[in-house]
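Take a look at the structure below.
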Amino acid sequence: MTPVTPCLVLDGSARDGVRVGVLSAGAWKSQSCSEEGAMESADRCVREALAAAGVSVDDIASFAVCAGPGSILGIRLTSIMVRAWLSLRSRPCYVWNALEAVASSARLAGRRPPFIVASESRLRRWNVLKVPASGPSECAELEAAQVAALGAPLIASSAGAPFPCEPAPDVWPSLPGLFSQGGLLRAEDRPDALNPAPEFALWSGERHRAP
């Protein structure tokens, strides 16, 4: 599946930071990124990317949102933004899995399955995508010792991983090409955060209180 363009692409899955881009004709027409949290920067990044591309939200033909795994707050904020635009006018919407994007990028670079892609989750656990030599990939949340015991080559998207691994590439520059291949995106009318864990961590509401 390839996106209808121009497509507004949003990724709030990183622990710190947001990326937004306008995709057109198989390439980035504009991009905006921030190292601040999604609450502080998602709206600004969208406005910057749209302005740099010379378009408005009304001109956008479709949306693509990273569904994670990653920052639940960042993913849900970007998803809520897209849902709001879809409520004003129906357009195609797509989501992609961040670990699957890394796996696709690794395959393009010559990596052959089986291998494993991992990213830091919560409570010292790790989101893991098992890419077998045959059959479908599997996404799960595991303890670090369980990841280390899997026995396949590891690619990790977090520095300081407590097991031997290769660093994951930055897939954002490659996303237009990965989307064009047709295997990464899936249609989704109500984008939300992918959560392979059976339960959520509890957080206080202190950050959301007015000073």
Notebook entry, point to check: Of C45, C139, how do they rank once you tally other Cβ atoms within 10 Å and put the fewest first?
Noted result: C139, C45
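What is the sum of charges around C66, taking Lys and Arg as +1, Asp and Glu as -1, for the other residues whose C-beta is under 14 Å from the C-beta of C66? Before the final figure, lay out the partial values.
Details: positive: R15, R19, R76, R186; negative: D11, E100, D170, E188, D192.
So the environment of C66 carries a net charge of -1.
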Check: P132: net charge of surrounding residues, Cβ under 15 Å, Lys/Arg +1, Asp/Glu -1, itself excluded?
Finding: +2
Item checked: Alpha-carbon centroid distance for the pair the stretch 171-188 / the stretch 28-86, whole angstrom -> 16
Checklist line | Share, in percent, of DSSP beta bridges within the chain that are antiparallel, nearest 5 | finding: 65
Notebook entry, point to check: Where does each of F115, F179, F163 land when they are ranked from fewest to most other beta-carbon atoms within 10 angstrom?
Noted result: F163, F115, F179
Next item on the list: Rank the residues I72, I116 as a footprinting-exposure proxy: fewest other Cβ atoms within 10 Å of their Cβ go first.
Entry: I72, I116
Note to self: 5 Å is the cut-off here: which amide hydrogens, built 1.01 Å from N in the peptide plane, fall below it relative to L185, excluding neighbours closer than 5 in sequence?
What the structure shows: none
Next item on the list: Could you pull out every residue, at least 5 positions away or on a different chain, whose amide H is within less than 5 Å of the one on C93? Hs are placed 1.01 Å off N in the peptide plane, and Pro or chain starts have none.
Entry: F63, E188
Next item on the list: Might you report the magnitude of the Cβ-based charge dipole of the chain about its Cα centre, with Lys and Arg at +1 and Asp and Glu at -1, to the nearest 20 debye?
Entry: 240
Check: Using r as the Cβ-Cβ distance of D189 and A145, and R0 as 45 Å, what FRET efficiency do you calculate, to the nearest 0.05?
Finding: 0.70
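Please give me, ordered by residue number, the GluC sites (Glu not before Pro) of the stretch 12-60 that lie in loop per DSSP and have at most 14 other Cβ atoms within 10 Å.
In loop regions of the stretch 12-60 (DSSP not H, G, I, E or B), the sparsely surrounded GluC sites (Glu not before Pro) are E35, E36.
Each reported figure results from applying straightforward, stated rules to the coordinates on display, with no laboratory input. Since the model is a prediction, treat every value here as computed from it, not as a measurement. Neighbour counts run over all protein chains shown; Cβ positions are idealised from the backbone, glycine included.
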